Structures are given as structure tokens and as C-alpha cells.
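Asker: Handing you this structure, nothing more for now.
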Amino acid sequence: MDESGLTDVVLGLGLSTAAIRGSMIYKVDDVRIKSKYVDIYDYEYNGFDNPGPLSQFKGQPNKNFYGGRYSIEVLEKPKIYYRGGDSSNPLGQWFTEYAPQSVAEVRINSAVKAQWIDENGFFTGASTINTLYKIEMPAGIKVYKGAVGNQGEIYQGGLSKEQVYIPEPWKLGDSVKVIESSSLK
């Protein structure tokens, strides 16, 4: 097994590791491993050694970022985000900074499954996608931004796909504005 494959195994198993920042070398017991992910410290938080505040939130949304990588941003001015969702519910908690062009793009690039099944095989929810929303979020709110975590099968996400988590935006009232909605196919 090459070094990058061993890193995936070690990190995937959650074994004890110690990182040497900058060099991307990890020490596991007496074995030194070079990570294939050179961006692990480009983000404020990561699932390796610093899971950050999202690890304390209900549902641990940090696990939906690739490798737990994300940073916090406080919006200095109102900002537009996009969301593929159900026509009856414009607000969710996951957004992108670009407008997806199709349901397939949302499902694959944002890793949104049609049905969510837990580790015990129980149905926990569904994600209907038939509408694209353009939403303005107000200045002053905290958003969490990072790469989209793989959800298995075709729901890939990936390091080149960014997503934004905004906890319970419906509680922000009229300061959140649905600018536009359109059918998404």
C-alpha cells in the first residue's frame, strides 16, 4: 500500500495520530505518513485534529464537510446563496454560492440523497428537489463554509465543491429574503 492509501486507512479508522503542520507528515505510532491532502490546514477546522464548533451542534454538521474541513465567516454585508429544495420550503441549512442547473447537479455535487437511511437501516428523512431558490442572507450572521463531504454512491461532493451551512436560518425572520425561485429539473 502506498503512503496516501495508508493515510486514508489511518484517518478512516480514527487511529491515534499526531500532525506536523506544514509538512503534511503524520506520525502514527512509529510510522511516518505523508497525506495526499495538501489543503487540510487551508481551513480553520478539520475532522483530523480540530473538529471545531460544528462538532457540538445537533447532528454534527461538520461531518457533512469533506474530511470535516470548514471555516467560519461572518458576513460583512448581505450575501446571495442558492439552494435546491422542495417547492413548499425555501429554507434549509445547506447552500451553495452558485446556482445549480439541474436536480442531478444538486444531488451529485452537493451530495444530497433522495432518502436518508441511518447506520441501522432506518429511514430518517427525504430530500425532495424540484425548486431552485436564490436567497439573500443578512450581514452579521455566521456561516460555515467548506468542501462537500461524500455521502456514498453517486452523491460525491468533493474537494472542488463548496457548500455553506447556516444553522436554522428560518429563525432570522424577515432579514432572510427569498429573492427568486424557479423550477429545477
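Asker: Sorted from largest down, what three extents in whole angstroms do the Cα atoms of segment 69-136 have along their principal axes?
Answerer: 43, 27, 20
Asker: Write down, largest first, the equivalent ellipsoid semi-axes of segment 71-183 in whole Å, where each equals the square root of 5 times an eigenvalue of the alpha-carbon gyration tensor.
Answerer: Numbers: eigenvalues 107, 50, 39 Å².
Taking √(5λ) for each Cα gyration eigenvalue gives 23, 16, 14 Å.
Asker: So which trypsin sites (Lys or Arg not before Pro) in segment 37-142 are both in a DSSP loop and have at most 11 other Cβ atoms within 10 Å of their Cβ?
Answerer: Working: sites: Lys58, Lys63, Arg69, Lys79, Arg83, Arg107, Lys113, Lys134, Lys142; in loops: Lys58, Arg69, Lys113.
Passing both the DSSP loop test and the Cβ count: Lys58.
Asker: Right, next: Quick one: which of Lys77/Lys185; Lys142/Lys185; Lys134/Lys185 span more than 26 angstrom between C-alpha atoms?
Answerer: Pairs exceeding 26 Å: Lys77/Lys185; Lys142/Lys185.
Asker: If you don't mind, there's one more thing I want to ask. If you keep only loop residues by DSSP, which GluC sites (Glu not before Pro) in segment 77-130 have at most 14 other Cβ atoms within 10 Å of their Cβ?
Answerer: Details: sites: Glu97, Glu105, Glu119; in loops: Glu97, Glu119.
Within segment 77-130, the qualifying GluC sites (Glu not before Pro) (loop, at most 14 other Cβ atoms within 10 Å) are Glu97, Glu119.
Asker: If a paramagnetic tag sat 7 Å from the Cα of Val178 along the Cα-Cβ line, which residues of segment 110-128 would have the backbone N under 16 Å from that point?
Answerer: Answer for segment 110-128: 128.
Every number here is computed from the coordinates shown, using simple stated rules; none is lab data. Keep in mind the model is a prediction, meaning the values are calculated, not measured. Cβ: placed from backbone, ideal geometry, glycine included. Neighbour counts: every protein chain shown.
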